1. List the helices (runs of 4 or more DSSP H) that sit entirely inside the range 281-391 and contain at least 3 residues that are without any contact (Cβ under 8 Å) to a residue 24 or more places away in the chain.
2. With in contact with a Ser or Thr (Cβ under 6 Å, 6 or more places away or on another chain) and outside any loop (DSSP other than H, G, I, E, B) as the only criterion, which of V196, V173 stands out?
3. Quick check on the range 166-211: of everything there that is surrounded by fewer than 22 Cβ atoms within 10 Å (Cβ to Cβ) and among the acidic types (D, E), which residue is nearest to H144 (Cα to Cα)?
4. Could you pull out the residue among T248, T255 that is without any contact (Cβ under 8 Å) to a residue 12 or more places away in the chain and either assigned to a helix (DSSP H, G or I) or within 14 Å of Y323 (Cα to Cα) (or both)?
5. For residues that are of a type in the set (D, E) and more than 18 Å from C283 (Cβ to Cβ), scanning just the range 322-355, find the one that is surrounded by the most Cβ atoms within 10 Å (Cβ to Cβ).
6. Tell me yes or no: at least one residue of the range 87-95 is in the same structural domain as G136 (by TED's automatic domain parsing), within 27 Å of L155 (Cα to Cα), out of contact with any Pro (no Cβ under 9 Å at 6 or more places or on another chain) and buried (at least 24 other Cβ atoms within 10 Å of the Cβ).
7. Just wondering, is there one or more residues in the range 330-344 that are of a type in the set (G, A, S) and within 29 Å of K252 (Cβ to Cβ)?
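The values are calculated or read from the model by the stated rules, or taken from the named source; none is laboratory data. Bear in mind that the values here come from a model prediction, so they are computed numbers and not experimental data. Please note: Cβ atoms are built from the backbone with ideal geometry, for glycine as well, and neighbour counts cover all protein chains shown.
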Amino acid sequence: MLSKVRKPMVGLLSYKKNNYIHKIFSRMKQLVLFVALLLAYSLSFAQETAIDAFLKAQPEIKSVEKIEGNDFFTSTYKIMVEQPLDHEHLEKGTFLQRVFVADKSQEGPVVFITEGYGAAYAGSPRYVNELSPMLGASQICVEHRYFGDSWPEPLNWDYLTVKNAAADHHRIVQIMKKYYGGKWVNTGISKGGQTVVYHRWLYPDDVDVSIPYVAPLNFGVEDGRHEPFIANIPGTAEQRKKILEFQTEILKNRTVYLPKLKAFCEQQKFTFRISMDEVLDYCVLEYPFALWQWGNLVNQVPAADQDADSLFEHLMIVSNPSYFAIEGMEGIQSFFVQAARELGYYGYDTRPFKRYLSIKSAKNYLPKIFLPDDLKIRYDKKIAKQVKKFIDTTDAKILFVYGGWDPWFASGFEVPQKNNLLRIVKEGGSHSARINNLPEAQKKIVKQTLEDWLQMKVNIE
């Protein structure tokens, strides 16, 4: 009987002992978790304090503002960097350039974004460049001079040059390399992609790898390669025929569409340097470039026999007159100054519509529409030729990404077959071609190439 009584006692003692041990382990786990969180917070705080202190200690950085950043990064800052107006003549004065620094790790890589326009978007907590997660990198986004909050006062267009912009970027790299010790990758999209290459051309040792997206290399204010490209390459022959018919229908019936355009522009309070007849001409001439550049509305081109309201509405969606309006140029007129001076641009093929246009020619349309009357600029042919020579001869590691139906691909960089250069063209792709939206086979090529070049793991899914 005693044994029968003792067994439950033993079980009860065992239960109490196990329960006690379980509580100890549970508390230990909580303590370990607490310590780990505290350590992580301490490291994060220390890292944040380190980058904050570094930025505030640099004499070239005139203001440092901590802002809300993406959770991928430890901390994000908006800084204003003092830059020479003319890097070869420091006595000309200075201006402040806006830069966004999103810190991930002092020892890790840096994605250096040479924005071609304004960079306000980089101050959004939603913004992460696609390369930053791929590389586990910190991110520095530099607003281009003469855009956004990076305007010199008083305004002098003489200092808006490729060489001055590249020197801006070089100076920021020099500052930030005092803090960041990992690999550097400069990148940008479209005009920002051009800026990437110009920076690498003039300062080849600033970064380890360059990744320009959809970047053109134009050889004239009206390069000449875009028009035949649009007429023969993107889409199907049937799609291109339908686009031509749409354009012709609008121009043939300008007495129907001109009043609609005038009413639309009055409602939007648009003003122009050209007549409304010319605005209609240029909206129609711009239409196929605008359509193929993004490519998402190609299957929505209305048939020429649809009602006038439908055709006009579609034209306004794809080729809005705001592009040619004085109001639409606010904030981007600097681009047209650069295009006229060094970057080049594209022209329009007027031949299919000769009898329906109000203009005799579209030659020299850029200065006529987009530049102030008192600003006379001569295009410098040397820059594009020198950059082409650089690409043909350089040992710099550069990855070009293009969309095969993007009109800008017509003047894309021609890349020799060398181990340090790679050009990826997304078949049927548009101006929105990125590594993340490439086909799997091309993603694998990019991943392997970047891992070989950077000697590190690259996370491309």
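1. It comes to 308-318.
2. After applying the criteria, what remains is V196.
3. Among those that are surrounded by fewer than 22 Cβ atoms within 10 Å (Cβ to Cβ) and among the acidic types (D, E), it is D206.
4. Numbers: T248 fails: without any contact (Cβ under 8 Å) to a residue 12 or more places away in the chain.
Within the list T248, T255, the selection yields T255.
5. Keep residues of the range 322-355 that are of a type in the set (D, E), which gives 327, 330, 342, 349.
Remaining after also requiring more than 18 Å from C283 (Cβ to Cβ): 330, 342.
Numbers: E330: 8, E342: 24.
Among those that are of a type in the set (D, E) and more than 18 Å from C283 (Cβ to Cβ), it is E342.
6. There is no residue in the range 87-95 that is in the same structural domain as G136 (by TED's automatic domain parsing), within 27 Å of L155 (Cα to Cα), out of contact with any Pro (no Cβ under 9 Å at 6 or more places or on another chain) and buried (at least 24 other Cβ atoms within 10 Å of the Cβ).
7. No; the residues of the range 330-344 include none that is of a type in the set (G, A, S) and within 29 Å of K252 (Cβ to Cβ).
For every residue, the table says whether it meets (1) in a loop (DSSP other than H, G, I, E, B); (2) free of Cβ contacts under 8 Å to residues at least 40 places away in the same chain; (3) in the same structural domain as P212 (by TED's automatic domain parsing).
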| position | (1), (2), (3) |
| --- | --- |
| Y117 | yes, no, yes |
| A122 | no, yes, yes |
| S132 | no, no, yes |
| L155 | yes, yes, yes |
